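**Q** Pasting in a structure now, in structure tokens, and then I'll have a few things to ask.
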Amino acid sequence: MNEQPRPLYWTFLGIVGIVISIYVLFPVFWLFLASFKTQAELAQLPISFWPETPTLEAYTALFSPTHQKGQLLDWPQLIGNSFFVAISSTVLVLFFGTLAGYAFARLNFPGRDLILGGLLISRMFQGAALLLPTYRLMSMLGLQDSLVGLVLLYSAFGLPFATWIIASSLREIPKELEESAMIDGASRLQSMVMVVLPLATPALITASMWHFVGAWSEFAFASILLESNANKTVTIGLASFVELFTLEFQYVGAAATIVALPIMLVFFFGQRYFTRGLLAGAVKG
Amino acid sequence: MLRSDRLLAYAMILPVVIAVVAFVVGPTYNVATLSLTQVVMGQERGFGTLGNFRALAADPVFGLVLQNTAIWILGGTFLCVTVGLGVGTFLAIDSRMTGWLRALILLPWVLPDVVTAMAWKWMLHGQVGILGQTLQSSGLTEGTVSFLGDPDLVMWMLVIVLIWRKMPLVALILCAAIRSVPDDQLEAARMDGANAVERFRFVTLPNIAFSLTAVTVISMIWITAEFALPWIMTGGGPANASQIMATYIYQQSFEFFNWGVASAMSVINLFMLATIVALYLYVNRRSWASEESK
């Protein structure tokens, strides 16, 4: 029994913990700090850690219609577009995912497991390889520069996972509850809506949060499909700063903070649900 | 089972199936046929040719893309899993701080790719980036380092950022696996005089072997599909030094309009994904079987 003396052990743990925290937080925090610095301060050496003269100039610039830095993007419009796309596709995913999830969990039909397995596997094929054919498909449908097109696309990408999360949680709910409601005269749909869904609320929250975060953050498909400035989303707006070969990182910092904010709110307030989905989702890819 | 229930079931899953067929299966089929079609400036001229694959193989950048993709996927996966195992082992320790860290560590995972890419671009900036400045002022390097401008360095810089982004979930999954290792086995090993390293090697590791394999294959799928991070950080540059399959497909499709070559590369990419997915199904055959028997 030659365990290390406790104080030394705890000091060591503390140091490792602090190192990991800094590693995780610093890159984001550093860009956040840049958003409050002035142009001159960003270019000066040696680097100052805290903003010397904290200013909100970068934020006001992004939101003022007269300030047209390079890309001529209107940030209030971008934010509105992103919320529209993320919220609408979350609603669609939740509605159709619940319907399908219920069928997969509760009803018996030929091909059930095969179809669910196929849906889950389709989720793994969503990388750059589908950019070109998706662009061609959306042009053919006349949806290539349309937020509605993007909503449909994101919903299709998000549905398999949402369906799976909802189906696995519905399987945990005892069938007897539903059966007794049906004996009392409720139809299948009534018993689903009144009895089963309230019990599945945590899974519904998990599925919505996941989809919202994914839709809000998506960049690749938005960047190939959206052409007019009036239709662009926040991730496109943030990425457009790459084309400005300058040191104007205060604007990048402000824009990144705006893009990250809704995600951070979801993350901190829904931690419990989020982690649930994360670990469940990881098991199935 | 009632016939009406069966019809109801099909009606309920129909929207999801249509969506996936239209937006995933359809495009996959479409890109496969396109890769076998001669395409000139977006016009299709005749099906049934391997010309696109020949053109791709003759592209001088192709070899470099394969090499970079190998660093990206294999290097990225290996480092993700090894670093993730280390961090996961640490997080598995019982204390208030590790409990708190288990929540915090997911932050890089949930942030949008674009934000991550910008945050690291800023840190790695050639002149006023904090990383280069710190290295210089601490005397470790002569001048500042052009992290993303040096062809020998850039690919590994991307891998480092990739680890920052993807490792947390690997660590968390492995942490959960380590915490579920039976205490009595660890206690028995301790009684037999095994030290911490031996307990890890002979008790913990065999117990988490399944999770470790599964998480390795899943990381490969994530990393193969990752596009936004490398694209925004370097756009494949400088001079294709960080061009990987994903960025190459994007560039050929939407900047050079070389749809033939782009579709051939997409098909190769899909085959790679299919191979990894097959590996994943093989590794996970136990858990899928148990799912289906429910």
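**Q** Keeping to region B:161-205, report how many residues are of a type in the set (A, V, I, L, M) and outside any helix (DSSP H, G or I).
**A** 2
**Q** Looking at B:VAL128, B:VAL25, B:VAL65, can you tell me which residue is among the aliphatic types (A, V, I, L, M) and not in a helix (DSSP H, G or I)? Break it down into steps so the answer makes sense when it comes.
**A** Details: B:VAL25 fails: not in a helix (DSSP H, G or I); B:VAL65 fails: not in a helix (DSSP H, G or I).
Just one listed residue meets the conditions, B:VAL128.
**Q** Quick check on region B:145-156. Is at least one of its residues assigned to a helix (DSSP H, G or I) and within 16 Å of the chain's Cα centre (by Cα)?
**A** The answer is yes, given that some residue of region B:145-156 is assigned to a helix (DSSP H, G or I) and within 16 Å of the chain's Cα centre (by Cα).
**Q** Which residues, taken from region A:97-143, are buried (at least 22 other Cβ atoms within 10 Å of the Cβ) and of a type in the set (Val, Ile, Thr)?
**A** Listed by number, the residues that qualify are A:THR98, A:THR134.
**Q** Kindly indicate the residue of region A:267-285 that is modelled with pLDDT under 75 and outside any helix (DSSP H, G or I) and also farthest from B:TRP109 (Cα to Cα) among those meeting that condition.
**A** In this case the residue turns out to be A:LYS284.
**Q** Also: Could you grab me the full set of residues in region A:14-43 that are of a type in the set (S, T, N, Q), more than 8 Å from chain B (Cβ to nearest Cβ) and surrounded by fewer than 17 Cβ atoms within 10 Å (Cβ to Cβ)?
**A** Once the filter is applied, which keeps residues that are of a type in the set (S, T, N, Q), more than 8 Å from chain B (Cβ to nearest Cβ) and surrounded by fewer than 17 Cβ atoms within 10 Å (Cβ to Cβ), region A:14-43 yields A:THR38, A:GLN39.
**Q** What about B:VAL170, is it away from every other protein chain (no Cβ under 13 Å) and among the aliphatic types (A, V, I, L, M)?
**A** No: the conditions fail for B:VAL170.
**Q** Another one. So the check is Cβ under 6 Å with 6+ separation or different chains; which pairs have a first residue in region B:261-285 that's closer than 16 Å to B:LEU74 by Cα and a second one that's hydroxyl-bearing (Ser, Thr, Tyr) and in a helix (DSSP H, G or I)?
**A** From residues that are closer than 16 Å to B:LEU74 by Cα, the pairs are B:LEU273/B:THR224.
**Q** Hey, among B:ILE208, B:ILE221, which residue is in a helix (DSSP H, G or I), crowded, with 18+ Cβ neighbours inside 10 Å and under 17 Å from the mean Cα position of the chain (by Cα)? Walk me through how you get there before you give the answer.
**A** On the way: B:ILE208 fails: under 17 Å from the mean Cα position of the chain (by Cα).
Testing whether each residue is in a helix (DSSP H, G or I), crowded, with 18+ Cβ neighbours inside 10 Å and under 17 Å from the mean Cα position of the chain (by Cα) leaves just B:ILE221.
**Q** So which residues in region B:224-260 are hydroxyl-bearing (Ser, Thr, Tyr) and not in a loop (DSSP other than H, G, I, E, B)?
**A** B:THR224, B:THR234, B:THR247, B:TYR248, B:TYR250, B:SER253 - these are the residues of region B:224-260 that are hydroxyl-bearing (Ser, Thr, Tyr) and not in a loop (DSSP other than H, G, I, E, B).
**Q** For region A:177-188, state whether one or more residues are at pLDDT below 90 and under 18 Å from the mean Cα position of the chain (by Cα).
**A** Looking for residues that are at pLDDT below 90 and under 18 Å from the mean Cα position of the chain (by Cα), one finds none in region A:177-188, hence no.
**Q** If the Cβ limit is 6 Å and pairs must be 6+ apart or interchain, which residue in region B:136-151 that is farther than 10 Å from B:HIS125 by Cβ pairs with which residue that is crowded, with 16+ Cβ neighbours inside 10 Å?
**A** Listed pairs, sorted by first residue: B:GLN136/B:THR144; B:THR141/B:LEU135; B:VAL145/B:GLY132; B:PRO151/B:ALA241.
**Q** Is it true that B:ARG285 is farther than 22 Å from B:ILE163 by Cβ, among the charged types (D, E, K, R) and within 12 Å of chain A (Cβ to nearest Cβ)? So that I can check it myself, show each step before the final result.
**A** On the way: farther than 22 Å from B:ILE163 by Cβ: yes; among the charged types (D, E, K, R): yes; within 12 Å of chain A (Cβ to nearest Cβ): yes.
When the stated conditions are applied, B:ARG285 passes them.
**Q** Identify, please: which residue in region A:153-177 is of a type in the set (A, V, I, L, M) and without any contact (Cβ under 8 Å) to a residue 60 or more places away in the chain and is, among those, surrounded by the fewest Cβ atoms within 10 Å (Cβ to Cβ)?
**A** A:LEU177
**Q** Within region B:160-203, restricting attention to residues that are within 30 Å of B:ILE71 (Cβ to Cβ), buried (at least 18 other Cβ atoms within 10 Å of the Cβ) and β-branched (Val, Ile, Thr), which residue is farthest from the chain's Cα centre (by Cα)?
**A** Among them, the one singled out is B:ILE178.
**Q** Which pairs turn up if I take residues in region B:188-207 that are among the hydroxyl-bearing types (Ser, Thr, Tyr) and look for partners that are surrounded by 12 or more Cβ atoms within 10 Å (Cβ to Cβ) and part of a helix (DSSP H, G or I) with beta carbon separation below 7 Å, at least 6 apart in sequence or on another chain?
**A** Filtered contacts from region B:188-207: B:THR204/B:ILE178.
**Q** May I pose another question? Just checking, does region A:143-160 include any residue being within 24 Å of B:VAL17 (Cα to Cα), under 22 Å from the mean Cα position of the chain (by Cα) and among the acidic types (Asp, Glu)?
**A** For region A:143-160, residues within 24 Å of B:VAL17 (Cα to Cα), under 22 Å from the mean Cα position of the chain (by Cα) and among the acidic types (Asp, Glu): absent.
**Q** Going by the conditions given, is B:PHE271 within 12 Å of chain A (Cβ to nearest Cβ) and over 30 Å from B:GLY126 (Cα atoms)? Quick ask: steps written out before the conclusion?
**A** Numbers: within 12 Å of chain A (Cβ to nearest Cβ): yes; over 30 Å from B:GLY126 (Cα atoms): yes.
Considered against the rule, which asks whether it is within 12 Å of chain A (Cβ to nearest Cβ) and over 30 Å from B:GLY126 (Cα atoms), B:PHE271 comes out as yes.
**Q** Given A:VAL24, A:VAL28, which one is within 29 Å of A:SER208 (Cβ to Cβ), touching a residue at least 12 places away in the same chain (Cβ under 8 Å) and among the β-branched types (Val, Ile, Thr)?
**A** On the way: A:VAL24 fails: touching a residue at least 12 places away in the same chain (Cβ under 8 Å).
Every option except A:VAL28 fails the conditions.
**Q** Within region A:127-154, can you find the residues that are more than 8 Å from chain B (Cβ to nearest Cβ) and assigned to a helix (DSSP H, G or I)?
**A** Across region A:127-154, the qualifying residues are A:MET138, A:SER139, A:MET140, A:LEU147, A:VAL148, A:GLY149, A:LEU150, A:VAL151, A:TYR154.
**Q** Now for a separate question. Please indicate, with yes or no, whether at least one residue in region B:34-53 is assigned to a helix (DSSP H, G or I), among the aliphatic types (A, V, I, L, M), more than 8 Å from every other protein chain (Cβ to nearest Cβ) and closer than 19 Å to B:LEU273 by Cα.
**A** no
The values are calculated or read from the model by the stated rules, or taken from the named source; none is laboratory data. Everything quoted here is computed from the prediction, not taken from an experiment. In this analysis, Cβ positions are derived from the backbone assuming ideal geometry, glycine residues included, and neighbour counts consider all displayed protein chains.
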